[in-house]
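The values are calculated or read from the model by the stated rules, or taken from the named source; none is laboratory data. Note that the coordinates shown come from a computational prediction; the quantities given were computed from them, not determined experimentally. As a convention, Cβ positions derive from the backbone with ideal geometry for all residues, glycine included, and neighbour counts pool all protein chains shown. Remember, those area values only see protein heavy atoms, side chains included, never the ligands or the DNA or RNA. Shrake-Rupley method; radii C 1.70, N 1.55, O 1.52, S 1.80 Å.
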Amino acid sequence: MWRGRCLCRRCAEQGQSSYNRNIVTLDFLGTLQRTHMCGDLRSSHVDSANSGETITLMGWVNRRRDHGNLIFLDLRDRSGITQVVLDKEIAPEAHAKAEAARPEYVVAVTGVLRARGEGLANPNMATGEVELVAHSLLLLNDAKTPPFSPAEDAIGNEEVRLKYRYIDLRRTEMQHNFALRSRVAMAIRNYLVSQGFLEIETPFMTRSTPEGARDYLVPSRVHPGHFYALPQSPQIFKQILMISGFDRYFQIARCFRDEDLRADRQPEFTQIDLEITFPQMATIFATAEGFLRAAFNAAGITLSDQPFIQMTYDQAITRYGIDKPDMRLPAMVDLSATLTAELRETLKIDAALPVLGFTIPRVGEMSGTARKALVSEIRATFGDTGLDFLDVARLRTNETFLPLAEAIAAKLTAEQLVFNGENFTTEDLAVVITPKPGTPAMWNYDPQWIYKRVGALRLELAKKFADKHKLFEQTHTAADFKFLWVTDFPMYEWNEESKTWDAAHHPFTSPHEDDIISGRLVNDKGAVRALAYDVVLNGTELGSGSIRIHRKDVQAEIFRSLGMSDEEAHNRFGFFLDALEYGTPPHGGIALGLDRIVMILAGAQSLREVIAFPKTAKAIDLMVDAPTPVSEQQLRELSLKTVTRS
RNA sequence: GGGGACGUAGCUCAGUUGGUUAGAGCGCUGCCCUGUCACGGCAGAGGUCGCGGGUUCGAGCCCCGUCGUCCCCGCCA
């Protein structure tokens with residue numbers, strides 16, 4: 001064995017003295033087969049009869065502890081780690097090879113499993129009762145010193161992790177995440193198939209429909225100047241599958257949206273997409289709840305059989321100030337009724353507007369200084385928004401306001417001060433948000449604006465105090481997961497910029513039948529409710545769906561109301577309008593984000609932890625380095641020319 | 001498009017008021033070690049302080065610009 005510095009050009013250039021410190025002679029695998037996985041070995045596998053039965057493990061060197069004539073290798077595969085002992089007296093050749101082994105070398109070990117002696121067991125390891133005494137060791141491959149060690153719990157920065165994703169993915173946590181993801185996806189498939197759903201694939205190369213998100217485009221070589229688009233969702237295809245009579249469709253489908261990213265948004269992501277004919281919302285809810293229970297079950301969590309709670313969009317806004325309420329936090333309460341006319345006068349609070357209160361658990365334990373800091377923080381958060389707040393604990397110290405404080409406390413005690421099974425005193429209440437007089441122009445006297453702004457503050461403060469109050473601590477039981485359905489979304493949203501009505505969901509969503517019959521669809525767009533619904537878990541939107549329009553006349557009316565001429569609608573969706581004319585059954589469905597479900601189940605803070613090869617916030621794949629420029633030749637073939645934008 | 005945080009050894013980070021030769025832990029290399037399991041001991045290597053410009057006698061530190069990563073707002077039917 002030649003030992004010395006690697007002299008190859010690459011190492012010389014990089015100055016990496018660490019590469020191949022010892023040039024080792026690598027072994028061939030030959031016909032050797034693995035007999036066990038590292039993480040599976042237990043006392044029951046020990047060769048107690050001394051029959052000499054051997055075990056062969058293969059994997060990566062996790063750690064090496066060299067005691068001279070005795071070397072320990074922690075051998076790792078996806079199942080776990082087993083300690084291998086190399087004793088110079090027992091197996092001198094294997095021992096010599098182990099001297100050359102380094103972390104992340106790939107090795108095969110054959111030997112006899114033995115129980116560790118008294119005091120030698122490691123209770124922190126699943127396999128800590130046993131160790132493999134090596135008779136032979138094969139060095140199947142060496143490894144450069146990795147930029148970070150998969151054996152370490154402390155993880156490096158994301159840039160390095162993403163560049164060397166294959167090393168990052170070796171970490172136990174990541175291995176668990178993807179095993180979990182696989183189990184969850186399988187459980188969902190099994191459930192849906194058992195409910196009579198057919199899995200049908202739809203195209204990736206499809207037609208750009210310039211609604212919603214920006215498309216990723218694919219240029220056509222044979223049709224210069226023409227482009228396919230990657231699907232933002234299989235929406236139209238799944239509706240056409242219903243028109244085609246497939247009755248129940250599902251797909252675990254990749255979707256693509258060219259929008260700015262977040263911790264919970266990737267440019268390509270995976271949806272559990274399904275659609276049924278002759279739908280009642282209850283059927284769709286039961287189906288989604290069914291596969292969610294199956295998915296959680298696959299993660300070892302048994303959810304209750306009770307249907308998820310439901311609330312309307314309006315209720316969500318007035319109680320939580322957001323359309324995806326986190327039910328782990330107490331709701332807001334409208335305290336308008338507790339304010340007498342005199343108090344409103346004294347406090348200069350507008351009689352027409354809501355006065356909202358919410359609790360911050362144990363805020364009463366805060367010191368005076370901390371409380372002051374919180375107060376100025378809230379002021380800063382609101383900025384010059386025309387909102388102000390009252391600190392109830394402060395109100396209690398002022399005789400004028402004592403009745404108000406008592407009234408508020410009484411109302412909150414009734415409705416709010418039991419949280420996570422604990423009772424709080426009114427000292428826990430910090431804030432009551434009131435619209436300040438004199439600056440109504442900023443929010444157009446819109447109560448919704450107040451609800452949403454206070455809702456945002458509620459979330460911010462919850463995050464701030466989350467650790468302190470163990471608000472989001474995971475016990476990994478059903479109690480950690482608060483689901484709900486939000487229904488009756490508005491059909492339209494007013495677009496202040498373009499002065500038009502936009503579809504709040506998508507333009508294939510059916511309005512409430514009542515709102516069609518009553519004529520509201522034409523006369524009072526702002527009041528039209530959609531048969532659209534979201535499923536929300538712990539403040540995260542897991543998915544959304546709707547009952548679709550199945551009548552051509554209704555679909556045409558919706559397109560018109562969105563400011564789309566018949567001609568324009570025909571240009572964009574002609575094929576779909578045609579399809580609607582050939583016997584379209586009522587249909588509806590839903591799509592849920594698989595990545596988000598797995599992220600929550602894994603207790604991860606980012607989708608990147610549950611997507612094997614994710615992209616950065618700027619949509620770059622750091623491992624393969626994509627996107628890249630392409631050759632002039634490729635561009636010419638596609639009849640494309642790049643221009644530099646100023 | 002906007003706001004914020006970060007960028008110093010392979011990794012995690014420290015670096016005082018701008019002042020001599022930029023440090024620590026881990027990792028890495030060599031030697032020693034038969035019961036370790038985050039092994040230990042001794043010795044050693046390793047730096048374009050993200051990049052570019054400016055101020056200054058002097059810049060890791062101050063200023064301007066730029067690039068990258070992360071978080072948030074806008075955006076995501």
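Key figures for this structure:
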| read-out | value |
| --- | --- |
| Amide H within-cut-off set for A:Arg248, under 5 Å, with H built and near neighbours excluded | A:Leu198 |
| Calculated Rg and Dmax of the range A:279-362 using C-alpha coordinates, Å | 19.2, 58 |
| Rounded FRET efficiency, nearest 0.05, which uses the C-beta distance separating A:Thr340 from A:His67 and R0 of 60 Å | 0.15 |
| In Hz, Karplus ³J(HN,Hα) per residue of the range A:563-568 (6.51, -1.76, 1.60; θ = phi - 60°; x = Gly, Pro) | x, 9, 5, 4, 5, 4 |
| Environment charge of A:Pro447, counting only residues whose C-beta is closer than 14 Å and scoring Lys/Arg +1, Asp/Glu -1 | -1 |
| Rg and Dmax of the range A:145-295, Cα atoms only, in Å | 19.4, 60 |
| Peptide ranges A:235-246, A:36-47 listed from the most packed, as the mean C-beta count within 10 angstrom indicates | A:235-246, A:36-47 |
| The range A:61-143 - percent of accessible surface contributed by carbon and sulfur, probe 1.4 Å | 48 |
| 5 angstrom amide H check on A:His587, placed H, neighbours 5+ away | A:Phe278, A:Arg548 |
| Subset of A:Lys238/A:Lys482; A:Lys525/A:Lys552; A:Lys348/A:Lys463 violating a 26 Å alpha-carbon distance limit | A:Lys238/A:Lys482; A:Lys348/A:Lys463 |
| For A:Asn141, residues with placed amide H under 5 Å, excluding near neighbours | A:Val106 |
| Accessible area per residue, Å², the range A:473-543 with all protein chains present, probe 1.4 Å | 46 |
| Expected-Rg normalisation [2.2 N^0.38 Å, Cα atoms] applied to the range A:135-194 | 1.59 |
| Table column - 3J(HN,Hα) (Hz), the range A:254-271, Karplus curve with 6.51, -1.76, 1.60, x for Gly and Pro | 7, 10, 9, 9, 8, 10, 5, 9, 9, 4, 10, 9, 10, x, 10, 8, 10, 10 |
| Rg/Rg_globular for the range A:450-567, with Rg_globular taken as 2.2 N^0.38 Å and Rg from C-alpha atoms | 1.38 |
| Loop-resident sites, the range A:136-218, for chymotrypsin sites (Phe, Trp or Tyr not before Pro), counting at most 13 other Cβ within 10 Å (DSSP) | none |
| Loop sites in the range A:78-179: GluC sites (Glu not before Pro), DSSP, at most 11 other Cβ within 10 Å | A:Glu89, A:Glu118, A:Glu152 |
| Label-point separation in nm, A:Glu99 to A:Thr25, each point 7 Å along Cα→Cβ | 1.4 |
| Relative pair counts by distance (%), Cα atoms of the range A:488-646, 5 Å bins | 1, 7, 12, 12, 12, 11, 11, 14, 12, 5, 1, 0, 0 |
| Note, ³J(HN,Hα) from phi for the range A:239-251, Karplus 6.51, -1.76, 1.60, rounded to Hz, x at Gly and Pro | 5, 5, 5, 5, 4, 7, x, 7, 6, 9, 10, 9, 7 |
| Gained length - A:Arg114 relative to A:Ser304, 0.36 nm times residue gap less alpha-carbon distance | 63.9 nm |
| Stokes-Einstein D in µm²/s, Kirkwood radius over Cα pairs - the range A:198-277 at 25 °C with 0.890 mPa s viscosity | 180 |
